[in-house]
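Report on one structure; see the data block that follows.
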Amino acid sequence: MDRAALDRLESEKKLSITVYSKPRCPQCVATYRKLNGLGAPHESVDVSEDPEALSFIQSLGYSQAPVVVVKDGKGAIVRHWSGFRPDLIKKEAGK
């Protein structure tokens, strides 16, 4: 396999983590604290300011924050959950 193919495979394995949160949310703060403590790169979306993001997490079946969505390198959702889940954060951040 050539180098370009190996690079493509490696980028497809990389995961992205997005946290959908809202202000004054203790579980959201704990989620960010755990991600930061692990040095895990992540994006933050405030669902109180982004109606499309709110609709998205509702379409996944969630009605409370935080919602964490993990996507693969191609953008496909591989896992999602709601609430502060240090076990899942550690597992996904370690990939």
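Is segment 41-50 home to any residue that is touching a Cys at 6+ places or on another chain (Cβ under 6 Å) and at pLDDT 95 or above?
Here is the first cut: in segment 41-50, the residues touching a Cys at 6+ places or on another chain (Cβ under 6 Å) are none.
Scanning segment 41-50, I find no residue that is touching a Cys at 6+ places or on another chain (Cβ under 6 Å) and at pLDDT 95 or above, so the answer is no.
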* Structure fact -> C28 meets each of (1) at pLDDT 95 or above; (2) in contact with a Leu (Cβ under 9 Å, 6 or more places away or on another chain); (3) not hydroxyl-bearing (S, T, Y) with one exception, condition (2)
* Residue check, R8 of a type outside the set (S, T, N, Q), exposed (fewer than 14 other Cβ atoms within 10 Å of the Cβ) and modelled with pLDDT under 95 -> yes
* Could you list, in sequence order, all residues of segment 63-88 that are of a type in the set (G, A, S) and buried (at least 16 other Cβ atoms within 10 Å of the Cβ)? => A65, S82
* Tally of residues being loosely packed, with under 13 Cβ neighbours inside 10 Å and either β-branched (V, I, T) or closer than 15 Å to F84 by Cβ (or both) across segment 34-46 -> 2
* Asked: Only one of G61, G73 is farther than 16 Å from K91 by Cα and touching a residue at least 60 places away in the same chain (Cβ under 8 Å); which?
  -> G73
* **Near pairs, Cβ below 7 angstrom, 6+ apart or cross-chain, from segment 15-31 (farther than 14 Å from L88 by Cα) to any residue that is part of a helix (DSSP H, G or I)** => Y20/A53; Y20/I57; S21/C28; K22/C28
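The values are calculated or read from the model by the stated rules, or taken from the named source; none is laboratory data. Predicted, not measured: the structure shown is a model, and the values here were computed from it. Glycine also receives a Cβ, built like all others from the backbone with ideal geometry; neighbour counts cover every protein chain displayed.
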